[in-house]
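Structure, as structure tokens:
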Amino acid sequence: MTRNLKEIDGIPKELRGENVPVVLEIRGEIFISKGEFLRINEERRKAELPFYANPRNLASGTLKLLDEKIVKSRKMGIRLYGIGACEPMVWKQMSEFNAQIGEWGFSVVEGTQLVSGIDAVWSAIEFIGNQKEAFEYETDGAVIKLDPIALQKEAGSTAKAPRWAIAYKFAAERAVTQLNKIDLQVGRTGAVTPVAHLKPVALAGSTVARASLHNADEIARKDIREGDWVEVEKAGEIIPQVVKVVLEKRDPLCQPYQFPTACPACGSHLTKIGDEVVMRCQNPACPPQVSRRIEHFVSKQCMDIDSFGSAVVEQLIAADLVQKLDDIYHLKRDELIHLERFAEKSADNLLLAIEASKEKPLWRLVHGLGILHVGEGASKLLATRFLDLHDLAEATVEEILDIKGIGVTIAESVVEFFEDEGNRYLIQSFAELGLNIKEDKGPESVDQTLRDKTFVLTGTLPDYSRVQFKELIESNGGKVSSSVSKKTDYVVAGDSAGSKLTKAQDLGVAVIDQKGLLDLLES
């Protein structure tokens, strides 16, 4: 994207002057202004082309284009506001940082105020809220940050967010439209989700025609009925949802919605599991479940089989070539080339990708099984602990709970999954088909050395990238965190290590270098 970024006003080609760090990463957001978005869509109207949905998606798509002339023609903007990596740290206040990068020619966020006390903070939020329509871009809130960088370090961060900054979201834009119909969608795990089909309405820069209704309890709580007029907003400015019914516009003939007791796809009885609010279809042969289960298995997050998109999945199911996960590995070239849009080369490419997936690591296969509540992280923990899919299938709840990071819900879900005879047959079938159902190391390996150990990587490591070290640590039973805390076992520090090293020293956390980590792996 570098060539495209050079076409954006607000990014200087060169930094001149004093206080320029050796390494500097500045964070911000790229946007297409509201006026430019209208201009682009007007050109598309004249050319009888479909309109772009919203500025956010258009900006994201434009950055990925290979033609920088198009990028330049769309006049994208940028606002910078955050420090990433910085060596050496030459600022003591965020306000100093913003002033300096503004002097260098970077576009910074307008409307920033330096205030003291919560009353002044609230006044600043109200000011931004009143002025936001005058900004050239869409905005949905204000961010409050500690100004002294030393205090930011002291406050620290969780795994997901900094403790030294918090966002205040303005009330989302709402629109009123009519709910024509409530449809039900069946997911991979059998969860049945109600979806509102709406009379299309413009909302927050796009046209909304569908909205999630979440579950049966939510429909009942809001008394949502087919034919009602409803208020709709975008949660987080992205996901449309029905906020409430406009009761004064309700037709007296509208009847309360009765959530069905049978699956809309296969007719099986719907049930609730434990304390869940979601209704589920328990029939594993339910058609939507089958297709989504296969899509999940072949996805990049699981077995990563190229050329196996949702359209291919639907074709194979319709031709009755794939119904179960192991059917994928029984596909033949002659079967594929007779399908629509399949030529000899595309059939060969798919079969090669399927064959290559047999060598994928065990955690990908565990994730691909689609066990309820088991995501990528839990799959890695399970594969690292049990090393063999057969052993995982025989594990008890107590044995699984012995894994740091695995709770009761996941443990019970795993045991319940493997109690099913069909799932146990599937494991045996995978083994006979040649899939990798074992980790490539034995019980006496270094896996036991790093088990339950938490590492934080900081600075530049000489021989391997951070991604490579992360994979090394995780494949040997350890966990990599992004922040240092008292629960951290080791901080692996390379050249130009910054605040994470300082915090580790303050907390008394063990600090090692690349050699120290490799020694642990070999011990």
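Nothing in this text is a laboratory measurement; each read-out follows from the coordinates by a stated rule. Keep in mind that this is a model prediction, so the values were computed, not measured. Don't worry about glycine lacking a Cβ; one is built from the backbone with ideal geometry, like all the others, and counts go over all protein chains shown.
Of note:
- Taking the inverse of the mean reciprocal distance over all distinct Cα pairs, the Kirkwood hydrodynamic radius of segment 200-286 comes to 14.9 Å.
- Projecting the Cα atoms of Ile400, Val242, Leu501 onto the charge dipole of the chain, computed from C-beta unit charges around the Cα centre, puts Val242 farthest toward the positive end.
- Asp9/Lys64 FRET efficiency (R0 25 Å; Cβ-Cβ; nearest 0.05): 0.80
- Tail weight of P(r) past 20 Å, computed on alpha-carbon pairs of segment 339-401, percent: 42
- Evaluating kT/(6 pi eta Rh) at 25 °C and 0.890 mPa s, with the Kirkwood radius of segment 357-431 over Cα pairs in the Stokes-Einstein relation, gives 201 µm² s⁻¹.
- Normalised by 2.2 N^0.38 Å, where N counts its residues, the alpha-carbon radius of gyration of segment 1-92 equals 1.33.
- Compactness of segment 249-391, taken as the C-alpha radius of gyration over 2.2 N^0.38 Å, stands at 1.32.
- Taking 25 °C and 0.890 mPa s as conditions, segment 309-445 diffuses translationally at an estimated 150 µm²/s according to Stokes-Einstein applied to its Kirkwood radius (Cα pairs).
- Per the Debye formula on identical point scatterers at the alpha carbon atoms of segment 451-507, with no solvent, log10 I(q)/I(0) at q = 0.13, 0.15, 0.19, 0.25 Å⁻¹ is -0.29, -0.39, -0.62, -1.01.
- Cut-off of 10 Å, at most 11 other beta carbons, DSSP loop: longest stretch of the chain lacking such trypsin sites (Lys or Arg not before Pro): 342-485
- Rounded if a/c under 1.5, otherwise prolate or oblate - segment 299-377, Cα gyration tensor axes: prolate
- Hydrodynamic analysis of segment 8-53 uses the Kirkwood radius over alpha carbon pairs. Inserted into Stokes-Einstein at 37 °C and 0.692 mPa s, it gives a translational diffusion coefficient of 232 µm²/s.
- An ellipsoid equivalent to segment 268-343, defined through the eigenvalues of its Cα gyration tensor, has semi-axes of 28, 14, 10 Å when rounded to whole angstrom and sorted largest first.
- Shown here for segment 316-405: GluC sites (Glu not before Pro) in loop regions (DSSP other than H, G, I, E, B) with at most 11 other Cβ atoms within 10 Å, namely Glu340.
- Where the Cα pairs of segment 63-146 fall when distances are cut into 10 Å bins, in %: 13, 36, 33, 15, 2
- Across the cross-link table entries Lys64/Lys132; Lys34/Lys500; Lys272/Lys486, which are compared at the Cα atoms, the separations over 31 Å belong to Lys34/Lys500; Lys272/Lys486.
- Divide the volume of the convex hull around the Cα atoms of segment 33-184 by the residue count and you get 226 Å³ per residue.
- Shape descriptor for segment 124-268: Rg over Rh equals 1.10 (Cα atoms; Rh from the Kirkwood inverse mean 1/r).
- Dividing the helix sum by the residues of the chain, where each DSSP H run of 4 or more adds -39500 (n - 2.57), gives a mean residue ellipticity at 222 nm of -10500 deg cm²/dmol.
- When Rg and the Kirkwood Rh are both derived from Cα coordinates, the Rg/Rh ratio for segment 382-501 amounts to 1.07.
- Rounded to two decimals, the Cα radius of gyration of the chain over 2.2 N^0.38 Å is 1.15.
- Note that segment 147-220 shows a convex hull volume over its alpha carbon atoms of 177 Å³ per residue.
- If only the Cβ of Lys and Arg carry +1 and only the Cβ of Asp and Glu carry -1, the dipole of the chain around its Cα centre is close to 1460 debye.
- Antiparallel %, DSSP beta bridges [both residues in the chain], to 5: 80
- Unit Cα scatterers, Debye sum, segment 112-158: log10 I(q)/I(0) for q = 0.17 Å⁻¹: -0.62
- Taking Cβ separations below 4.7 Å as the criterion for a possible disulfide partner, the isolated cysteines in the chain are Cys86, Cys254, Cys302.
- Of the cross-linked pairs Lys300/Lys345; Lys75/Lys169; Lys13/Lys145; Lys404/Lys487, those separated by over 24 Å at the C-alpha level are Lys75/Lys169; Lys13/Lys145.
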